[in-house]
């Protein structure tokens, strides 16, 4: 008796849940095999980090191993992973509602119209993959400068090893350096899944669309937010809790937000921004060499060389 | 020789550690089989998220699968998991010192006196489980509105898929929506283990006791804290680092803190609170449509429609 | 044809990557078997937490188990893990560039010169291991006080169990209490890997070099930073987003940062620091019983008993 009552209740609940699946179709994906999975993107990211920091990330590299053979093998594996993830994502966006293709609306990218034959997508994915991989040596050059900046910028840093193993800011910047070129190529979703993986592990949220110069150092890092259209010069140092964000949002005639446009600040070179400062707005420029005190709320430009401190209490 | 010296030292150390087990019994649990494990709560939470966002969470759902059969099977599995976790937790609280039952001191819940026979606990756990599960369709309705708010509220959002896959604020709110009804039913500990799991993964700390309206959006999210007795209206948007907290604490005559009472602010509808603002106190009300600037420190009420900005520097 | 083109391209890319391995040798470790792995340090930390909080961390402890036997077995296992990790790390630092030995420049530690024979390192590692383990009972005494402070300090806390299972601040302080004595013994890198593991899981970044009194409570915790030379008295309570950091950095004649020296503030006893306050500088002292309001920016000393609030808006 109890059993049948339970069953009828469950069935009623099942029916009500299925109705919500129909009512809110946008928040379920049934029968959609191409949605990029976080697992596959994280696997790819781990391979990339292993190639960037051999012996630090991934398994130890033995003394008797041939580095050339190792790199060749890893690159081969990477090409497969990158091409697969890009192909699935492009297919997903083509055959879905196409909404996520808005991410591609960057000047530098090739576009594919929804409904394009699968062959064209495969070709595009392969071209994107090769272009992406060919930039990896330059990314390593950039990472070397970031690590130098971290070691030189923090008196508590005792060695390069400590900086690579223990600095969440270094990890977040590393993932940004690896995600940004994918974003520029017009690959949808993948760079954001990468940056969110770094955000979860480090508390540092760098949108892959931001443009960041060399020798960038984020200390401690928890709570840092760097928005999509932020530009940052060279030798910039920021501390935990700093926001480089949008101030307010332009709206279309129908009340919806205008997507696109410069919404985030532009930071010059050799700028230091202390903990928990909030700098907002696409017209806000922080001049070269400026110092922004902790907890500051900045919505207007700051001249080069200026120091902004809170009012005395 | 070395061996025996080591043994005698170890034995002495063992003895000294065992003494601390006796001295500080509250921080060990030996022979306590009912302490709810984080693993079981996380397993439950993953099942709930899979039911809420099929195809996004958990394994992909194939095109040929029958959604009705899938939901029915998942609900059956969930009923077992929820009932087991609740039963263990109630047993733990009954047979322990009962201290954690204070969490149950909510108007809407049934109570069981310590020492109650196990059958009564099993029955109560089953009733709680069914009441909880029967509310899941309404939770999905709420989640659909939150996701709409996130997509409409962030110009950088390119698709619903990106919002569900990449927005930590959306994940934190999802876990809150799933934990809050358990809290209201008077289930001890479990909703807090859920909210802390979300806190660890997202940096967003929402106490399951808070009451939050529809279309709630938290952008970036790291460092957000929403206290136990906070109330939030509809269409509210908050940014990373915002605290809705307690100001100071009333004390009992013996100096211990009064537990219970309204300690956290009440936020109206259509309020926007920018990064790192701190709003404290149970008598602090933020009126409808108000805008609170970044880094603000608010301990008094703010009128509807007002904009609070920091003093110029 | 396609195949050979791909191969020649890959080979060129391999060559360019290998060049960056030579160019930036400091950010790869090929053939270095002694670099301490995060995995081994995390395994060690889990064992330590299990010994500190039996039945809470690790597997449940059955009623029929003999606690003495259990502790004895766990201590034996721990001794092996600690000695192995310390030995590898000392070897790594000896045979590498030695840079990471700067971490050891504390008054209280023994030193080993680079190039020292391996036997001496093994002996030193064993002595450090035993001294470390012999302090574990005192660490448990400290943890009991911290948990008491958390339970008494937060009106939302319903039980000791909730505090141990759900409070990230408690977890971060626990890891600090376990890492600090290793730091004082002069063990390089390991304490920092521990503190960064806690940082990633809790958002709380406590440098293992800080000196912190009894009954320390961090509520919520995300974004808290406590720098290397910070000193904190007893019964101190701090909230999420609080920074106890360095103000500016002395430089050597060659422009490099001076490493060492008191760079972080000194906090008295019974001080409360609200959310997102930033207190900077080695000469900044916060007197006993002071209260620092949320979002404050403090670079000068505050008298005992004073309350620092932001200017009215």
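Quick check on residue C:45: is it at pLDDT 90 or above, touching a helix residue (DSSP H, G or I) at 6+ places or on another chain (Cβ under 8 Å) and more than 23 Å from residue A:149 (Cβ to Cβ)?
yes
Among the residues of segment B:12-31 satisfying the criterion of being farther than 19 Å from residue C:170 by Cβ and surrounded by 14 or more Cβ atoms within 10 Å (Cβ to Cβ), which is modelled with the lowest pLDDT?
If we take residues in segment B:12-31 being farther than 19 Å from residue C:170 by Cβ and surrounded by 14 or more Cβ atoms within 10 Å (Cβ to Cβ), then B:30 is modelled with the lowest pLDDT.
Give the residue that is surrounded by the most Cβ atoms within 10 Å (Cβ to Cβ), with candidates limited to residues of segment B:52-75 that are more than 7 Å from chain A (Cβ to nearest Cβ) and part of a helix (DSSP H, G or I).
Going through the qualifying residues, I end up with B:52.
Can you find a residue that is under 18 Å from the mean Cα position of the chain (by Cα) and modelled with pLDDT of 95 or more anywhere in segment B:96-119?
Within segment B:96-119 (the criterion being under 18 Å from the mean Cα position of the chain (by Cα) and modelled with pLDDT of 95 or more), the answer is no, since none of the residues qualifies.
Any idea which residue in segment B:163-172 is nearest to the other protein chains (Cβ to nearest Cβ), counting only those that are in a helix (DSSP H, G or I) and more than 12 Å from the chain's Cα centre (by Cα)?
My answer is B:166.
Report, by residue number, each residue of segment C:259-276 that is modelled with pLDDT under 95, surrounded by fewer than 24 Cβ atoms within 10 Å (Cβ to Cβ) and more than 17 Å from residue A:219 (Cα to Cα).
If the condition is that a residue be modelled with pLDDT under 95, surrounded by fewer than 24 Cβ atoms within 10 Å (Cβ to Cβ) and more than 17 Å from residue A:219 (Cα to Cα), then C:260, C:261, C:262 are the ones that fit.
Mind checking which residues of segment A:274-291 are under 18 Å from residue A:310 (Cα atoms) and in a strand (DSSP E or B)?
Listed by number, the residues that qualify are A:278, A:279, A:280, A:286, A:291.
Looking only at segment B:173-231, count how many residues are surrounded by fewer than 24 Cβ atoms within 10 Å (Cβ to Cβ), assigned to a loop (DSSP other than H, G, I, E, B), more than 10 Å from chain C (Cβ to nearest Cβ) and free of Cβ contacts under 8 Å to residues at least 60 places away in the same chain.
2
Considering only segment C:143-162, how many residues are more than 17 Å from the chain's Cα centre (by Cα), more than 8 Å from chain B (Cβ to nearest Cβ) and under 25 Å from residue C:209 (Cα atoms)?
Of the residues in segment C:143-162, 4 are more than 17 Å from the chain's Cα centre (by Cα), more than 8 Å from chain B (Cβ to nearest Cβ) and under 25 Å from residue C:209 (Cα atoms).
Could you go through segment A:277-293 and let me know if any residue there is under 18 Å from residue A:217 (Cα atoms), at the interface with another protein chain (Cβ under 7 Å from one of its Cβ atoms) and at pLDDT below 95.
Scanning segment A:277-293 turns up at least one residue that is under 18 Å from residue A:217 (Cα atoms), at the interface with another protein chain (Cβ under 7 Å from one of its Cβ atoms) and at pLDDT below 95.
What about residue C:138, is it over 25 Å from residue A:199 (Cβ atoms), more than 21 Å from the chain's Cα centre (by Cα) and within 11 Å of chain B (Cβ to nearest Cβ)?
no
Being modelled with pLDDT of 85 or more, in the same structural domain as residue C:194 (by TED's automatic domain parsing) and touching a strand residue (DSSP E or B) at 6+ places or on another chain (Cβ under 7 Å), is that true of even one residue in segment C:54-62?
yes
Got at least one residue in segment C:155-163 being at pLDDT 95 or above, out of contact with any strand residue (DSSP E or B) (no Cβ under 8 Å at 6 or more places or on another chain) and surrounded by fewer than 23 Cβ atoms within 10 Å (Cβ to Cβ)?
No, segment C:155-163 contains no residue that is at pLDDT 95 or above, out of contact with any strand residue (DSSP E or B) (no Cβ under 8 Å at 6 or more places or on another chain) and surrounded by fewer than 23 Cβ atoms within 10 Å (Cβ to Cβ).
Read through the list (1) touching a helix residue (DSSP H, G or I) at 6+ places or on another chain (Cβ under 8 Å); (2) outside any helix (DSSP H, G or I), then give the number of the only condition that residue B:155 fails.
(1)
For segment C:11-40, what are the residues that are without any contact (Cβ under 8 Å) to a residue 60 or more places away in the chain, within 17 Å of residue A:160 (Cβ to Cβ) and within 7 Å of another protein chain (Cβ to nearest Cβ)?
Selection gives C:20, C:21, C:24, C:26, C:27, C:28, C:29, C:30, C:31, C:35.
The values are calculated or read from the model by the stated rules, or taken from the named source; none is laboratory data. Note that this is a predicted model, so its numbers are computed, not measured. Every residue, glycine as well, gets a Cβ built from its backbone with ideal geometry; the counts of neighbours run over all protein chains shown.
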